[in-house]
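Novice: Got a structure for you, written out below as structure tokens; questions coming shortly.
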Amino acid sequence: MAGGWAKDGAVQDQIDASVEDAVAMAKSNLPQGESAEFCELCDKPIPQARRDAVPGVQLCIQCQSMKEKKAVFTSSINRRGSKDSQLR
């Protein structure tokens with residue numbers, strides 16, 4: 001149930017759009033091209049199974065795990081809007 005000028009299902013539309021944006025961003029961050037035989041960070045060999053499973057992989061599993069732990073994931077889009085922004 002939407003109120004005011006919003007149509008029914010507007011909240012779900014916003015959620016769907018946010019999910020679609022996050023999926024598109026994740027896909028754009030996937031490596032592409034030819035996989036490296038050795039890790040860019042530690043020079044250890046990357047197993048053939050990993051190179052086949054992840055096209056364009058450049059890091060071994062351990063280095064990729066460390067990189068992902070250090071990464072900060074943020075969204076640059078605020079679809080909900082704050083009360084302050086609505087009052088201005």
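Bear in mind that the values in this text are calculations on the coordinates, not laboratory data. In this text, all values refer to a predicted model and were calculated from it rather than measured experimentally. Note: ideal-geometry Cβ built from the backbone for every residue, glycine included; neighbour counts use all protein chains shown.
Novice: Can you spot the aspartates and glutamates whose alpha carbon is less than 16 Å from residue 44's alpha carbon? Ignore those fewer than 8 places along the same chain.
Specialist: Cross-link targets: none qualify.
Novice: In vacuum, with every alpha carbon of segment 1-62 counted as one equal point scatterer, what does the Debye formula give for log10 I(q)/I(0) at q = 0.25 Å⁻¹? Two decimals, please.
Specialist: Debye intensities relative to I(0), on a log10 scale: -0.95.
Novice: For residue 52 and residue 67, calculate 0.36 nm times their separation in residues minus their Cα-Cα distance, and state this gained length in nm to one decimal.
Specialist: Working: separation 15, 0.36 × 15 = 5.40 nm, distance 2.06 nm.
So the extension gain works out to 3.3 nm.
Novice: Right, another one. Roughly how many nanometres apart are two label points built 7 Å out from the Cα toward the Cβ at residue 7 and residue 41?
Specialist: Modelled inter-label distance: 4.6 nm.
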